[in-house]
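Following: one structure in structure tokens, then a few remarks.
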Amino acid sequence: MSANKTQDRVEIYLSVLIAVVVIAFSFLIPSVFWSAANFQSIASQMPILGVLALAMAVTILTGGINLSIIATMNACGLVMAWVATHYPPTFSSMLLVIAAGLVMALAIGSVIGFLVAVVRVSPILATLGIMTLLKGINILISKGSAISNFPDYILVINSTNILGIPLPLLVFLAVVVVLWVILEKSAFGRTLYLIGSNEQATHYSGINTRKTLIWVYVLSSVLCVIAALLMMSKLNSAKASYGESYLLVSILAAVLGGVNPDGGFGKVFGMVMALILLQMLESGLNILGVSSYITMALWGGLLLAFIFLKGAQISRLFGKP
């Protein structure tokens with residue numbers, strides 16, 4: 001069975017699971033589940049988590065991982081928040097805010113990429129170390145407090161609707177399309193998949209795997225800037241501790257969406273389906289009054305189950321014992 005057929009099966013399974021969740025909540029909480037407020041809540045939660053999940057997925061596709069996405073998002077958010085609150089609300093200030101976030105992301109991604117690709121540190125250890133370092137720096141800089149009261153050019157992102165669709169959701173969909181083009185239609189994307197399948201063979205074929213890996217972690221960090229802007233606009237603040245619960249869910253969304261935990265294959269649209277499933281589940285459980293701790297335990301159990309099932313499936317696919 002080819003990787004494409006495996007991915008197709010994942011998407012079929014996800015479609016069935018989404019249908020089961022919809023039917024179940026339609027019986028349990030019909031009036032609330034189908035309310036406009038519930039779908040607005042789902043639409044408001046998905047963009048930030050979705051962009052972070054994409055930031056995680058691009059690294060997993062190479063056989064790596066980026067445990068520092070939340071710390072990176074908060075670091076970029078705090079830098080942009082400082083600039084936004086210390087300069088007058090002009091167009092040039094807006095460009096400066098974005099530039100500050102991108103420079104921070106470029107620095108973080110380059111350091112991680114250098115550690116992983118050149119120094120050959122394990123991605124888990126490299127990103128765990130960067131995550132811990134950034135958390136400490138974030139708290140030191142902000143003194144544990146939130147930076148708030150942003151100018152309108154940041155807040156307008158969350159308050160704008162286009163044809164009834166929230167702008168953050170449109171931003172997320174735009175990121176999905178751009179990332180799909182990068183992964184499926186570019187030489188960089190093909191190289192990324194090859195590295196995930198067999199980095200050594202890719203290197204011996206004449207491809208500069210080190211350069212590609214560095215750019216993968218830079219791309220992951222740049223996606224964190226987008227998530228930071230969405231978070232800042234939604235909460236009108238930036239803080240060192242925002243979004244910490246998203247780390248596990250972003251990994252789960254990637255794996256549940258068909259991204260091989262060992263790298264090599266996975267599709268963006270499968271991950272979008274996984275995000276829809278997870279957001280509907282979380283929303284329904286919240287309405288039913290299920291504790292957030294139980295929901296988090298459920299996410300952990302789902303992640304372990306899918307890694308186990310994926311490992312068994314890959315073993316059959318390649319004839320491994």
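The values are calculated or read from the model by the stated rules, or taken from the named source; none is laboratory data. Given the structure is predicted, the values throughout are model-derived calculations rather than measurements. Every residue, glycine among them, receives a Cβ derived from its backbone with ideal geometry; neighbour counts consider all protein chains shown.
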Review point. For the stretch 229-321, list the helices (runs of 4 or more DSSP H) that sit wholly inside it and hold at least 1 residues that are out of contact with any Cys (no Cβ under 8 Å at 6 or more places or on another chain), modelled with pLDDT of 90 or more and not small (Gly, Ala, Ser); which are they?
Key: 246-256, 268-287
**Study point:** Odd one out for GLY50, checked against (1) under 25 Å from GLY144 (Cβ atoms); (2) surrounded by 22 or more Cβ atoms within 10 Å (Cβ to Cβ)
**Key:** (1)
Check your understanding: Which pairs do you get when a residue that is modelled with pLDDT under 95, found in the stretch 142-164, comes within reach of a residue that is surrounded by fewer than 11 Cβ atoms within 10 Å (Cβ to Cβ) and of a type in the set (Phe, Trp, Tyr), reach meaning Cβ atoms under 9 angstrom, with the pair 6+ apart or on two chains?
Key -> TYR153/PHE91
Exercise for review: Among the candidates ALA100, ALA81, single out the residue that is over 15 Å from LEU219 (Cα atoms), out of contact with any strand residue (DSSP E or B) (no Cβ under 6 Å at 6 or more places or on another chain), crowded, with 18+ Cβ neighbours inside 10 Å and modelled with pLDDT of 85 or more.
Suggested key: ALA100
Review point. Within the stretch 7-44, can you find the residues that are of a type in the set (Gly, Ala, Ser) and free of Cβ contacts under 8 Å to residues at least 40 places away in the same chain?
Key: ALA19, SER26, SER31, SER35, ALA36, ALA37
Check your understanding: From the list ILE42, ILE70, ILE12, which one is buried (at least 24 other Cβ atoms within 10 Å of the Cβ) and β-branched (Val, Ile, Thr)?
Key -> ILE70
Check your understanding: So, of the residues in the stretch 11-62 that are farther than 27 Å from SER233 by Cα and not in a helix (DSSP H, G or I), which turns out to be modelled with the lowest pLDDT?
Key -> ILE29
Check your understanding: Say we look at the stretch 63-90 and pick out the residues that are in a helix (DSSP H, G or I) and over 18 Å from ALA107 (Cα atoms); which of these is nearest to the chain's Cα centre (by Cα)?
Key -> ALA84
Study note, to complete from the structure: When ALA43 is run through (1) under 16 Å from the mean Cα position of the chain (by Cα); (2) more than 25 Å from SER148 (Cα to Cα); (3) among the small types (Gly, Ala, Ser), the failure sits at (2)
Check your understanding: Got a sec? Which of MET56, MET46, MET73 is farther than 29 Å from PHE114 by Cβ and in contact with a helix residue (DSSP H, G or I) (Cβ under 9 Å, 6 or more places away or on another chain)?
Key -> MET46
